[in-house]
Structures are given as structure tokens and as C-alpha cells.
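First comes the structure, then the notes that go with it.
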């Protein structure tokens, strides 16, 4: 089981990093798109690459390994419910980033910057909640 916990931590750190990087990348891409009218046809698809190739696989691996840890150790308690709610917040931010990538690719730049900032705020709050709950687990 230690290797599953290691896998879970690595996947979670990767997912969190991607959730913090994606909004910044979306803001930069939205600003570049508003400066260049033909942005969609001439820009590299970096936001889509980060979302599809880094963030989503890390999220799926973190959730799957966390589920295996939960089932293998038989963990239960109020802290776990709160942690799963915080993870749901991370999933919400992840989905919002995906929606913003699609908006940006469609050429709808309006609202992308504010949406990216909101997604970043939700993701950061959820991440801090998860870390706090995991560190306080013995006390709960």
C-alpha cells in the first residue's frame, strides 16, 4: 500500500500544479487572443495540451489512487466527507478550466480572464482545505 500512497501524492501534486498553471495560461492566451485577431488559427494549442495531457490524467490518477487507499484502509469519518467535498471543488475548477479552453478555442475571449481567476481561486481554496484536513486528520 505505500506505493499507492506515493502514487496518490505524486498525482495530487501534479494535478494541483496544473490547476494553478492552467488559469494563468488561459489568462495569457486570452490577452494574446484579444491582441491578435487570428489567434485561434495561428497560436499553439498549449491550454488544450496542458488540460488533456497533464491535468486530466493527473486528476484521474489522483482520484483512482485515493479511492484505492480509501477502500484498502477502510478509512471513514467526518474529515473524509469534508475532504471529498474539497476534492469536488477541485473537480469543479478542473471542469471550469476545460470549459474556458473550449471558449478560448472558439474565439469567445470575453469572460475567460474572470473565469480563469475564479477557477484559480476555487482550486486554491479547495487545495488548502484538502491539505488542512489531511494534516488535521488525527485530531478529528
Counting just the residues of the range 103-115 that are within 11 Å of residue 29 (Cα to Cα) and not in a loop (DSSP other than H, G, I, E, B), which one comes out modelled with the lowest pLDDT?
105
Of the conditions (1) outside any loop (DSSP other than H, G, I, E, B); (2) over 17 Å from residue 9 (Cβ atoms), residue 65 fails just one. Which one is it?
(2)
For the range 18-34, indicate whether the set of residues that are without any contact (Cβ under 8 Å) to a residue 40 or more places away in the chain, surrounded by fewer than 17 Cβ atoms within 10 Å (Cβ to Cβ) and more than 16 Å from residue 122 (Cβ to Cβ) is non-empty.
yes
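Only one of these is outside any helix (DSSP H, G or I) and more than 24 Å from residue 116 (Cβ to Cβ): 75, 80, 71, 84. Name it.
Of 75, 80, 71, 84, the one residue that is outside any helix (DSSP H, G or I) and more than 24 Å from residue 116 (Cβ to Cβ) is 75.
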Selection from the range 119-130 of residues over 15 Å from residue 83 (Cβ atoms) and surrounded by fewer than 15 Cβ atoms within 10 Å (Cβ to Cβ) yields 121
List every residue pair whose Cβ atoms sit under 7 Å apart, with the two residues 6 or more apart in sequence or on different chains, where the first one lies in the range 67-85 and is farther than 21 Å from residue 3 by Cβ and the second, anywhere, is in a loop (DSSP other than H, G, I, E, B) and at pLDDT below 85.
77/140; 78/140; 79/140
So residue 100 fits all but one of (1) touching a residue at least 60 places away in the same chain (Cβ under 8 Å); (2) part of a helix (DSSP H, G or I); (3) surrounded by fewer than 15 Cβ atoms within 10 Å (Cβ to Cβ); what number is the exception?
(3)
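The values are calculated or read from the model by the stated rules, or taken from the named source; none is laboratory data. Given the structure is predicted, the values throughout are model-derived calculations rather than measurements. Counting neighbours? That spans all protein chains shown, and the Cβs are built from the backbone with ideal geometry, glycine included.
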